[in-house]
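The next block holds one structure in the form of structure tokens; read it before the comments.
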Amino acid sequence: MSIKGFFCVFLMATGVFLADARAQVDGDIDAQQVLKLNLSDWYFARYELCYEHVLNESTSVQIALAGIGASEESERYFFNNLTMMDSWANVEVNHSGWRFTPELRRYAWVYGGMPEGVFVSIMGRIENWNLEFDEDIDDFDGIPEGQFEDELDGNWNQFHWGGGVLVGYQWYSDNGISLEVYTGPMFRSYSRTWKHDGTLNGEEQELAEDSVEDRLFSSSRWYTYLNSDSGPGWRFGLTVGLGL
């Protein structure tokens, strides 16, 4: 399914939910809206704010927007068996980007008043993640045979879209503080591009792309995520918030 087709289905499902929500009589609502901070994604350098708006006694919508930002620096050792030469490489990586996540929630059990209780939701997601690499090598004769024979200075862009189903529970205290946990399966589709700062021919471009994983990703704390394949995955999270 294309990204356009996926979000068409998501919007149609949202319309069905909202139509049903409007047909219900408003019940006991403790907070019409909650502003939340996602605590679980800080490890992945995603700093996310969520806004949940209560529609009625059992339904809410949520919009989450995250900024991506981090920097890494590492060193590695090369040895070329053919030339018997070695060298050191220093790599600096700057991460930037954004993520957008719309979500529609239906509370199966409400305790006290909305928005406290057990919920099931459908969510969509689009994310654009850019990595800027600066590789410094002290001796090019030490680069192993079969790898790109120059510094891998350039930009790596990873875009993904997807969606899933979540199950969670949100506590809402008398003083307006919320605490939420959630988990569930999702699907993600990735597309990636690599652009070198210099001008490369087709063969050099392919060689550079093949060398990125070993020389640039191997020392990153996000190595697994950078090499994830399109397909099913799992989502979990923890947020803390304040009712408005």
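Bear in mind these aren't lab numbers, they're just calculated from the coordinates by the rules spelled out. Since we're looking at a predicted model, the values are computed, not measured. Neighbour counts are summed over all protein chains in view; Cβ atoms, including those assigned to glycine, are modelled from backbone coordinates with ideal geometry.
To test your reading of the geometry: what angle, between 0 and 90 degrees and rounded to tens, separates the Cα axis of helix 202-212 from the longest principal axis of the chain?
It works out to around 70 degrees.
For the pair Ala108 and Glu213, how long in nm is the line joining their label points, each one 7 Å along Cα→Cβ?
The answer from the label model is 3.9 nm.
Can you pull a Stokes-Einstein diffusion coefficient for the chain at 37 °C (0.692 mPa s), Rh from Kirkwood over Cα pairs, as a whole number of µm²/s?
This corresponds to a translational diffusion coefficient of 160 µm²/s.
From the residues His53, Met114, Trp161, which one has its Cα farthest along the dipole of the stretch 3-232 in the positive direction, the dipole being from +1 and -1 charges on Cβ of Lys/Arg and Asp/Glu about the Cα centre?
Met114
Counting other beta carbons within 10 Å of each residue's own, what order do Val61, Val54 fall into, fewest first? Walk me through the numbers before you get to the answer.
Values: Val61 18, Val54 23.
Fewest to most other Cβ atoms nearby, the residues stand as Val61, Val54.
Check Leu55: other-chain or 5+ apart residues with amide H under 5 Å from its amide H, H built from backbone geometry?
Those lying under 5 Å, H to H, from Leu55 are Ser60, Val61.
Compute the acute angle (0 to 90°) between the alpha-carbon long axis of helix 3-22 and the principal axis of greatest extent of the alpha-carbon atoms of the chain; round to the nearest 10°.
The two axes meet at around 20 degrees.
Report the calculated FRET efficiency for Arg221 and Glu57 (r = Cβ-Cβ distance, R0 = 45 Å), to the nearest 0.05.
0.55
Given Cβ point charges of +1 (Lys, Arg) and -1 (Asp, Glu) and nothing else, what value in debye, to the nearest 20, does the dipole of the stretch 88-244 about its Cα centre take?
Values: 10 positive and 27 negative charges, 415 e Å.
Approximately 2000 debye in magnitude.
What ³J(HN,Hα) values, in whole Hz, does the Karplus curve 6.51 cos²θ - 1.76 cosθ + 1.60 give for the stretch 89-99 when θ = phi - 60°, with x put for Gly and Pro?
10, 10, 10, 10, 10, 10, 9, 8, x, 8, 9
Return a whole-number percent for the relative contact order of the stretch 3-232, with Cα pairs under 8 Å and 6 or more residues apart as the contact set.
After rounding, I find 15 percent.
How much length is gained if the chain between Trp98 and Asp141 is pulled fully straight, taking 0.36 nm per residue apart and subtracting their Cα-Cα distance, in nm to one decimal?
Here the answer is 11.6 nm.
What list do you get for Phe148, Phe187 if you sort them by fewest beta carbons within 10 Å?
Details: Phe148 20, Phe187 15.
The fewest-first ordering by Cβ neighbours comes to Phe187, Phe148.
Neighbour counts of other C-beta atoms within 10 Å: give me Met84, Met114 arranged from fewest to most. Before the final figure, lay out each step's value.
Details: Met84 9, Met114 28.
Least crowded to most crowded, the residues run Met84, Met114.
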